[in-house]
Structures are given as C-alpha cells and as structure tokens.
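The values are calculated or read from the model by the stated rules, or taken from the named source; none is laboratory data. The structure displayed is predicted, hence computed values, not measured ones. As a convention, Cβ positions derive from the backbone with ideal geometry for all residues, glycine included, and neighbour counts pool all protein chains shown. For accessibility, only protein heavy atoms count, side chains too; no ligands or nucleic acids. Shrake-Rupley method; radii C 1.70, N 1.55, O 1.52, S 1.80 Å.
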Amino acid sequence: MSKLKMRGSVIGFILLFGAPATAVAQGAGTPTTYVAVDCMKSTAPDYASVETDIWQPMHQELVRQGKKSSWSLLWVLYGDRSQCDYYTVNTYVGESQLNDDTPFSEVFARVHPGKSWQEASARTGASREMVWSELWTIVDAVLPEDFLYAHVNQMYANDGAAYESIEREVYKPVHEALVAGGHSAGWAAYELVTPSGTSLPYNYATVDFGNRLGPIPFFETIRAVHPGMEVAAINQRTQAIREIVRTETWIRIAATQGN
C-alpha cells in the first residue's frame, strides 16, 4: 500500500466510559459498537468551555435517552496538534443508536431552557473547525472502568484476519493481566469502517488506557502470560502482520457518565 501524507492522528475511539473493567468482543448476536471520531482544530481559547458548557449536557441527555452510549472530549498531550488539537468521540451500540437523527436544536431546548440555539451554534462555529470525521468499530477490548490517558496506536495491516487474531490470542491476555496487576486501566482494538481507500495510511488502531504516565512491565507480562513463547518470536510475527504508523498520547478533558 502506498503511504500518502497522513491526515493527522486518529483518536482513541474511547468506548463506553464508566463501564466496569471487563473483556468484551464483537460476536454473533452482539450489537456492533460504533465509534465516531471528529478531529477538531480549536480557533478560540474558549473552545474546551464551549464543549463542556454547551455540548456536554446535550450529549448527556442523549445518553440518558438511550440514543448514544457515550461522548468524550480529549486533547492531544503528546503528538501533532497542527491539524487536530482536540477530538470528540461518540460511541453507539447498534444501528438504531448510530442512525438516530434527533435534532440538536431539540436537545438544546431541553437542557438549556431560555437560551438561544442560534447564539450557541454561532459560538461553537467561532471556536473550532471540524477538520474530518471517521467511523470505527470495536474488534476486542478490556474496557476501562476509568482512565485519564489514552495512548493511541495507528496500525496498517494487509491481512485483517491475521492481525485481529494476534491481537485477540496473544495481546489481549497480556492486557488483561496488566489491568489485573494495576499497571493499566484497559485496552481496545478497533477497525476503520469509513473513510477507506489507499490514501489512508492506517486501517486499525489500538488504545492503551491509563491513569498515570510512565513505563509498564509489558515484556515481563508477555513472558508470564505466554511462558511457552519467545518474546522475539512474538515480535517477529507481529511485525510481519502489521505496521505501527503513529503513536500519540491524549488526555481526557470531559466525558458523559453512565447510559
């Protein structure tokens, strides 16, 4: 695949905030979890306040109504902020949530009674530019109960089935052990749904969730979880299946609660 100029980093498609730390996977009979990611470039110093003051209560209302699963706002702590310095992330469980078309003006009137939707829209437009949007699905995960940091890893895999297999069979048990040992808050793997095509340098991503920065005993945990495997052999197999395109660290600024 020819790698063209990257559009910026993909977010850490954060899913189901507030869910207990547990392993999940998409499977037969399980509603698909969709993650919609919007790249935002702030154009005013009060952009974050616009999101938390105006939009967070609206998204919380949609969560309360069962029309989405979660919303979050994240800021790029370590990474390229030239194109996207913030990301908003919405998660939906099943097609009915994904296709809900409740007008934002209607939700605004409910949660901000007596205030002007036109003024709020104008303030929003003046505070940021929505650069691009993407839609992802979850492949597998150990969901975080809570987290502060999201370490986002963009991947390109020629063979999606082989890549998903190594994530599930080799790396998911390692992340489960890291969470159980208190070294990590969670982990998730995602597949890009749209857009698609050879102009995109990535088609998968993983996110490592944490509440502190610093190293974790990753290779030691691999040896403990897979005592019959050589770390060098695991690395060689992994590198043959996928390429890490980019890694960034994001910090969560705000999020909805419950569902």
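Summary of values
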quantity	calculated
Extended-chain gain in nm, criterion 0.36 nm per residue less alpha-carbon gap, Trp117 and Asp100	4.1 nm
Charge dipole (debye, nearest 20) of the chain; +1 at Cβ of Lys and Arg, -1 at Cβ of Asp and Glu	300
Label-point gap, in nm, between Ser165 and Glu243 - each point 7 angstrom along Cα→Cβ	2.2
Solvent exposure of the chain as accessible area per residue, Å², 1.4 Å probe	46
Positive-end residue, the range 98-141 charge dipole about Cα centroid, Cβ charges, pick of Ala122, Leu98, Val139	Ala122
Extreme residue, positive dipole direction of the chain, given options Val63, Ala233, Ala254 (C-beta unit charges)	Ala254
CD proxy at 222 nm, helix term only [per DSSP H run n ≥ 4: -39500 (n - 2.57); per residue of the chain; nearest 500]	-7500 deg cm²/dmol
Cα gyration tensor shape of the range 170-259, rounded if a/c is under 1.5, else prolate or oblate by comparing a/b with b/c	oblate
Computed over the range 183-259: relative contact order in percent, which uses C-alpha pairs under 8 Å that are six or more apart	26
Accessible-area composition of the range 176-237, carbon plus sulfur, in percent [1.4 Å probe]	55
